[in-house]
Each structure stands twice: as structure tokens, then as C-alpha cells.
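Worksheet for the structure shown next.
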Protein chains: 2
Amino acid sequence: MNDNSDATTGSYRLDDQVGFILRRANQRHLALFARDIPDLTPTQFAALAKLCELGQASQNALGRATAMDAATIKGVIDRLRKRGLVAARRDADDARRVHLSATDQGQQLYAALLPRAREISKETLAPLAPREAAVFLQLLEKLAGE
Amino acid sequence: MNDNSDATTGSYRLDDQVGFILRRANQRHLALFARDIPDLTPTQFAALAKLCELGQASQNALGRATAMDAATIKGVIDRLRKRGLVAARRDADDARRVHLSATDQGQQLYAALLPRAREISKETLAPLAPREAAVFLQLLEKLAGE
DNA sequence: CAGGAATTGTTCGTGTACTAACAGAAGTTG
DNA sequence: CAACTTCTGTTAGTACACGAACAATTCCTG
């Protein structure tokens with residue numbers, strides 16, 4: 001009767017909606033990231049990290065691997081290239097593709113930032129007890145889909 | 001030993017990091033919102049909803065209530081005003097403040113969109129069982145902080 | 001009351017994020 | 001092989017999101 005979680009009957013409070021809280025949680029994480037790794041944005045770090053994991057990738061493929069669309073990954077890669085962290089060359093087999101790889105400098109930076117990246121994940125989850133954090137991650141993963 | 005959740009020792013996989021999954025979950029929600037309510041962005045809806053909840057507010061106060069900084073809320077309010085959903089006037093008591101309120105049109109739109117907004121929250125949580133959703137929301141709230 | 005501090009709103013610059021439209025290359029099929 | 005389709009990357013436009021700097025106003029405190 002008094003169930004606010006009902007999708008059609010209960011009252012609607014913005015502060016209780018998943019989307020709104022999700023946005024705030026994301027904001028908190030972004031703030032932690034910016035504080036601990038000021039020289040790279042989370043998105044840039046994600047692209048660099050994934051590229052280091054994969055070794056190499058085409059631009060759009062890297063975008064898919066990091067959940068960025070073609071337009072977004074382009075800007076991110078442009079900035080990483082301008083800073084000499086990522087190298088790009090035209091693919092020999094497929095003239096459409098841009099072949100990407102992390103430069104030595106990019107790999108070194110990635111390695112150097114790894115401890116801080118781990119810290120950020122830890123700090124982000126700090127409000128939760130270890131058990132809670134594990135449960136949360138599992139449910140969040142489900143929610144993210146794909 | 002083989003614990004990937006350890007913040008200083010384990011291996012680092014981008015796909016397992018809170019921040020990355022949080023971003024993907026947010027993306028999924030944004031896509032659902034855009035599909036079900038194409039005429040308003042989630043942020044615009046949040047501002048309108050909060051303003052309807054509160055009745056009235058100054059611009060920065062509304063920003064705080066919706067987790068937007070001064071620069072962001074300004075743009076959002078500008079767009080809502082341009083569409084006649086929100087009215088603004090200089091505050092009589094405090095010449096700095098912009099007094100905001102939802103217009104009749106704004107309130108009607110808000111009321112009309114409410115069922116869809118509820119649906120979006122429901123759809124967002126759809127990958128989770130009801131029990132899981134409840135747990136998730138609680139943990140997410142903790143994570144968002146403040 | 002005077003002068004410093006805090007608040008309110010604005011502007012600028014940078015960086016995601018997505019849609020839509022496009023060109024060129026590669027793959028598929030009749 | 002020619003037409004169609006798909007895939008790759010690019011560009012333009014809109015909308016958050018935040019830091020930094022700023023002017024005007026109000027508050028606070030000596």
C-alpha cells in the first residue's frame with residue numbers, strides 16, 4: 001500500500017530513483033579519480049589501460065572494448081596521441097582501420113598509475129564492508145548488462 | 001594469493017573496476033531514459049522534478065538538490081526556461097538570487113511524464129530480482145555518499 | 001559602520017557522450 | 001562483375017560536468 005518502490009502506484013521521489021543515485025555515485029568516483037590521478041581522465045585511463053591489456057587494437061574496436069562510441073573514442077585517442085601515449089598508423093590489410101598501440105611512454109605511465117588506480121577502486125568502495133562490496137559489484141555488473 | 005580484489009597486489013582488469021562498471025550501468029540507464037522520454041534529458045527531468053517537489057528554489061539551491069554545480073544547473077535551467085517549463089525572476093529579498101518555479105506547463109509535463117519515469121526506474125532495475133534490487137539500491141546509496 | 005569573507009550567479013575552457021550524416025573501403029550476393 | 005550492404009573513421013551539433021576566474025551582493029565581525 002505504502003510501497004514507494006512500485007513502478008506505477010507509489011509516490012515518486014527523485015532522490016530514491018536508481019538513475020539519480022547512479023549519477024551521484026558516478027560523480028563521487030570521478031571526483032576521487034580526479035584527485036588521485038589529475039593528469040588523466042578516467043576515460044583516457046580506461047582507453048590506455050585497455051590498449052595495454054590488448055597490446056593493440058583498431059580505434060573502433062578499442063571503443064567497443066571501453067564502452068565508447070566511435071565519436072567519443074576518437075576525441076579520447078586524439079588527446080592521448082597528442083601527449084605521445086598512444087601511436088597510430090594506418091592498417092596495412094584494411095585501409096579503413098587505424099591501428100593503435102601504446103607507446104613506451106604510454107606503457108610506463110600506465111604501469112606507474114596502476115597502484116593509484118587500484119587505490120581509487122578501493123576508495124570508491126570504501127563506504128561498503130568487504131562483503132557488501134562483493135555483493136554490490138556482482139549486482140552492478142548485472143545491471144550494466146552486456 | 002590469487003585475489004584480484006586486493007588493491008595493491010592483484011592483477012588489474014579494467015572490466016572489473018567499480019568505476020568502469022558504474023559508467024556502463026549509467027550508460028544503460030541513460031539509453032533507457034532517452035528511449036522512453038526523448039523530449040527531456042535525465043538531468044532536465046531531475047531539475048524539473050525537484051522544482052515541482054520543492055515548489056520553488058533559488059538556482060544554486062536547486063543545483064545542490066539535484067547534484068549539479070552552479071555552471072551545470074545554469075545551462076539546464078536556461079534550456080527549461082527557453083521551453084517555458086520553468087519561470088525565473090529576481091528575488092526581492094536577495095538581489096543575487098534567481099527565484100525559480102515550474103510553470104503550469106512544466107507541472108503538467110512533469111505529471112504526464114511521471115508514469116514513464118517510474119517505468120524507467122523499473123526497467124533499469126529489471127536485470128535484478130526484486131530482493132536484489134532492494135539490496136542494490138541500499139548499497140548504491142551508501143556508495144554515492146552525502 | 002567599515003572592511004573582509006562568504007554566497008550567488010555568470011562566463012570560459014576542456015572533456016566526455018551521443019545522434020545524425022557522410023565518405024571511403026571491404027564484404028556479399030545475384 | 002556490379003549493386004547492395006556493412007564496417008571504419010570523421011565531422012557537426014547538442015547537452016552534461018567540472019574547475020577557475022569574476023562581479024555583485026550580502027553577511028559577519030571587529
Where rotation carries A onto B, the chain A residue whose Cβ is nearest that axis, in whole Å = A:26, 3
Chain pair A, B: total accessible area buried, heavy atoms, 1.4 Å probe, Å² | 5000 Å²
Euclidean distance between Cα centres, segment A:10-78 to segment A:97-146, Å | 10 Å
Helix B:18-36: inclination vs chain B longest Cα principal axis, degrees, rounded to 10, gives 50 degrees
From the label point of residue B:39, set 7 Å along Cα to the beta carbon, how far off in nm is each other copy's matching point, shortest first?
-> 5.0
So which residue, out of B:86, B:98, B:76, gets the largest mean-square fluctuation from a GNM of chain B using Cα contacts under 10 Å as springs?
-> B:98
Which distances, shortest first and in nm, link residue A:89 to the matching position in the other copies, using label points set 7 Å out along Cα to C-beta?
-> 6.8
What nm distances, shortest first, do you get from the label point of residue B:103 to those in the other copies when the point sits 7 angstrom along Cα to Cβ?
-> 5.3
Under-5 Å amide H pairs with residue A:103, H placed in peptide plane, nonlocal only = A:86, A:87
Solvent-accessible area per residue, Å², over the protein assembly as shown with all protein chains present [probe radius 1.4 Å] = 53 Å²
For segment B:14-144, give the percent of accessible area contributed by carbon and sulfur heavy atoms, probe 1.4 Å, rounded to a whole number.
-> 52 percent
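The values are calculated or read from the model by the stated rules, or taken from the named source; none is laboratory data. These numbers come from a predicted model, not from an experiment. In this analysis, Cβ positions are derived from the backbone assuming ideal geometry, glycine residues included, and neighbour counts consider all displayed protein chains. Ligands, DNA and RNA are excluded from the accessible area calculation, which covers all protein heavy atoms including side chains. Shrake-Rupley method; radii C 1.70, N 1.55, O 1.52, S 1.80 Å.
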